[in-house]
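**Q** Below you will find the structure I want to go over with you.
The values are calculated or read from the model by the stated rules, or taken from the named source; none is laboratory data. Keep in mind that this is a model prediction, so the values were computed, not measured. A quick note on method: Cβ atoms are made from the backbone with ideal geometry, for glycine too, and the neighbour counts reach across all protein chains shown. Just so you know, the surface numbers come from the protein's heavy atoms only, side chains and all, with ligands and any DNA or RNA stripped out. Shrake-Rupley method; radii C 1.70, N 1.55, O 1.52, S 1.80 Å.
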Amino acid sequence: MTMTTLERKLFERAVTALVCALGHDEAAQNNADAETLTELRGHWVGDAEECVDKAMRLGLWGDNDA
(Lines give C-alpha, C1' and ligand atoms only; values in the text may rest on other atoms or scores of the structure.)
Protein backbone atom coordinates (compact mmCIF):
# COMPACT_ATOMS: atom_id res chain seq x y z
CA MET A 1 0.00 0.00 0.00
CA THR A 2 1.38 3.37 -1.00
CA MET A 3 0.53 6.37 1.14
CA THR A 4 -0.58 9.65 -0.35
CA THR A 5 1.30 12.80 0.60
CA LEU A 6 -1.52 13.79 2.96
CA GLU A 7 -1.52 10.36 4.61
CA ARG A 8 2.27 10.47 4.96
CA LYS A 9 2.17 13.90 6.64
CA LEU A 10 -0.59 12.70 8.97
CA PHE A 11 1.42 9.59 9.82
CA GLU A 12 4.55 11.64 10.56
CA ARG A 13 2.58 14.03 12.81
CA ALA A 14 0.99 11.10 14.63
CA VAL A 15 4.37 9.46 15.24
CA THR A 16 5.82 12.76 16.47
CA ALA A 17 2.86 13.19 18.85
CA LEU A 18 3.38 9.64 20.09
CA VAL A 19 7.07 10.25 20.80
CA CYS A 20 6.20 13.44 22.71
CA ALA A 21 3.56 11.53 24.69
CA LEU A 22 6.15 8.91 25.59
CA GLY A 23 8.47 11.68 26.79
CA HIS A 24 5.65 13.08 28.93
CA ASP A 25 4.98 9.64 30.37
CA GLU A 26 8.66 9.11 31.16
CA ALA A 27 8.80 12.47 32.95
CA ALA A 28 5.67 11.61 34.93
CA GLN A 29 7.14 8.27 35.98
CA ASN A 30 10.24 10.07 37.17
CA ASN A 31 8.22 12.50 39.29
CA ALA A 32 8.68 15.63 37.18
CA ASP A 33 7.12 18.75 38.64
CA ALA A 34 3.69 19.93 37.50
CA GLU A 35 5.09 22.82 35.46
CA THR A 36 7.33 20.50 33.44
CA LEU A 37 4.51 18.04 32.85
CA THR A 38 2.19 20.82 31.69
CA GLU A 39 4.83 22.09 29.29
CA LEU A 40 5.50 18.62 27.89
CA ARG A 41 1.78 17.92 27.56
CA GLY A 42 1.42 21.06 25.48
CA HIS A 43 3.76 19.60 22.88
CA TRP A 44 1.54 16.69 21.93
CA VAL A 45 -2.07 16.72 23.09
CA GLY A 46 -3.43 19.25 20.61
CA ASP A 47 -1.53 17.70 17.73
CA ALA A 48 -2.69 14.20 18.65
CA GLU A 49 -6.32 15.37 18.76
CA GLU A 50 -5.93 17.05 15.37
CA CYS A 51 -4.39 13.89 13.90
CA VAL A 52 -7.37 11.84 15.05
CA ASP A 53 -9.80 14.40 13.61
CA LYS A 54 -8.01 14.40 10.24
CA ALA A 55 -7.78 10.61 10.16
CA MET A 56 -11.51 10.36 10.82
CA ARG A 57 -12.28 12.85 8.02
CA LEU A 58 -10.07 10.85 5.64
CA GLY A 59 -11.78 7.60 6.62
CA LEU A 60 -8.58 6.22 8.17
CA TRP A 61 -9.94 5.97 11.73
CA GLY A 62 -13.15 4.74 13.24
CA ASP A 63 -16.08 2.70 11.97
CA ASN A 64 -16.24 3.54 8.28
CA ASP A 65 -18.51 0.64 7.35
CA ALA A 66 -21.63 2.20 8.85
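**Q** Could you work out what % of the accessible surface of the chain is carbon and sulfur, using a 1.4 angstrom probe and leaving DNA, RNA and ligands out of the count?
**A** 56
**Q** Can you give the net charge of the other residues whose Cβ lies under 15 Å from the Cβ of ASP53, counting K and R as +1 and D and E as -1?
**A** Details: positive: LYS9, ARG13, LYS54, ARG57; negative: GLU7, ASP47, GLU49, GLU50.
After counting each charged neighbour, the total is 0.
**Q** With a 1.4 Å probe and every protein chain left in place, work out the accessible area per residue of the chain in Å², rounded to a whole number.
**A** Details: 5220 Å² over 66 residues.
Ligands and nucleic acids excluded, the result is 79 Å² per residue.
**Q** Let me ask something else about it. Pulled fully out, how much extra length does the chain show between THR4 and ASP33, if you take 0.36 nm times their separation in residues and subtract their Cα-Cα distance?
**A** 6.4 nm
**Q** Got a sec? Charge dipole of the chain, +1 on Cβ for Lys and Arg, -1 for Asp and Glu; which of ALA14, HIS24, THR4 is way out at the positive end?
**A** So the residue furthest toward the plus end is THR4.
**Q** Follow-up question, since we're still on this one. Counting every Cα pair in the chain, what percent are over 18 Å apart? Don't jump to the answer; show the numbers that get you there.
**A** On the way: 1012 of 2145 pairs.
More than 18 Å apart: 47 percent of the Cα pairs in the chain.
**Q** Here's something else I'd like to know. Using each residue's phi in the range 10-27, evaluate 6.51 cos²θ - 1.76 cosθ + 1.60 at θ = phi - 60° and report the 3J(HN,Hα) Karplus result to the nearest Hz, with x for Gly and Pro.
**A** Going residue by residue, I get 4, 4, 4, 5, 5, 5, 4, 4, 5, 4, 5, 4, 5, x, 4, 4, 4, 5 Hz, with x marking Gly and Pro.
**Q** Solvent-accessible area of VAL19, probe 1.4 Å, all protein chains present, reported in Å² to the nearest ten, please.
**A** For VAL19, solvent-accessible area is about 90 Å².
**Q** Now, a different point. Counting only other residues whose beta carbon sits under 14 Å from that of ALA27, what net charge do I get with K and R as +1, D and E as -1?
**A** Its environment carries a net charge of -4.
**Q** Separate question: Hey, got the dipole for the chain? About the Cα centre, +1 on K and R Cβ, -1 on D and E Cβ, debye to the nearest 20?
**A** 320
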